[in-house]
Amino acid sequence: MVIFNNTTSCSSNFLLTVFPGLEMAHVWISIPVCCLYTIALLGNSMILFVIMVEQSLHKPMYYFLSMLSAADFCLTISTLPTVLGVLWFHAREISFKACFIQMTFVHAFSFLESSVLAAMAFDRLMAICNPLKYATVLTDMMTVVIGLVICLRQVIFLFSISLSFKSVSFHGVQELSHPFCYHPDVIKYSYSDPWVSSSVGMFLQLYLSGTDLLFILSSYALILRTVLSTVAPKKQQKALSTCVCHLCAVTVFYVPMISLSITHRLLNSTSSVVCSILGNVYLLLPPVLNPIIYSLKTKTIRQAMLQLLQSKGPRGPSVRSLRGGEN
């Protein structure tokens, strides 16, 4: 609460926006939005539950997948109240305190997902490029250490974003481009010089998401070199197939995030409708698609889910006989 005692921002309010010009159709828009939220919450909850109860999935690859699902689940919960509040009750106004809290959670879980995707790239790198040392390097203890490092990065982020807003002030009621609070969207309405806060936000995005993306690209460059050096085509196809899910998760996360960030920071003349669409894609696409991709592509996850859904009363027979690979 120190930040609120050192800024005049706490007296300001903002207006949230879903789709500009379509206010009369909010009830109809809420139907597909609610369906997407339901898919995201149920899908990620199912993956977390399956990995938790099934002993055969207690491996580093699935631990990282559970972290990804947890980040998607929390990201969905962070924006659910304001999105449905605008669509169902036209509750567009939000105070700066509430906006700051939501913005912190949205960015924290977004950066958390970026870090987990980098950890998953390391997992694939070890599994394909150095499979003999995979079990000795990626132990349960190493997985815990990686998780602690990821959490430490989030602490640095929370501290930095608090400092960036310490001297920022807002006056009056300003209309945002999204149904949730997003740092580049909020900071442009500052009456004080927003350059420092915007620069801190850009630095954090480059430091956290940028370094993660660079590590992911470097990992896949090494993976591709290793796979291409393999003579047998079947082995090449099998090795690359284990990376399909992760590559899809990286794509659906980074493309909307980078597009939205560039739109707000570099393209000031962009239509508010475009910003709104990009914001909703960035908000819902990864949490909705990630559980679908992994449940359809990963055989062990898919069979464990089917067995849990088909079992009535006591759990059915164990799926420990399933292989630990993705196919």
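List of remarks:
- If the chain linking SER45 and LEU228 were pulled fully straight, counting 0.36 nm for each residue of separation and taking away their Cα-Cα distance, it would gain 62.2 nm.
- Non-local Lys pairs in the range 13-310, i.e. 8 or more apart or on different chains, that have alpha carbons under 19 Å apart: 13
- As a proxy for reagent exposure, ranking LEU217, LEU308 by other Cβ atoms within 10 Å from fewest up yields LEU217, LEU308.
- Placing one equal scatterer on every Cα of the range 13-310 and applying the Debye formula, the log10 ratio I(q)/I(0) at q = 0.06, 0.08, 0.12 Å⁻¹ is -0.22, -0.38, -0.83.
- Spacing of the two label points (7 Å from each Cα toward its C-beta) at VAL155 and VAL27, in nm: 5.0
Every number here is computed from the coordinates shown, using simple stated rules; none is lab data. As the structure is a prediction and not an experimental result, all values here were calculated from the model. Note that we place each Cβ from the backbone using ideal geometry, even for glycine, and neighbour counts take in every protein chain shown.
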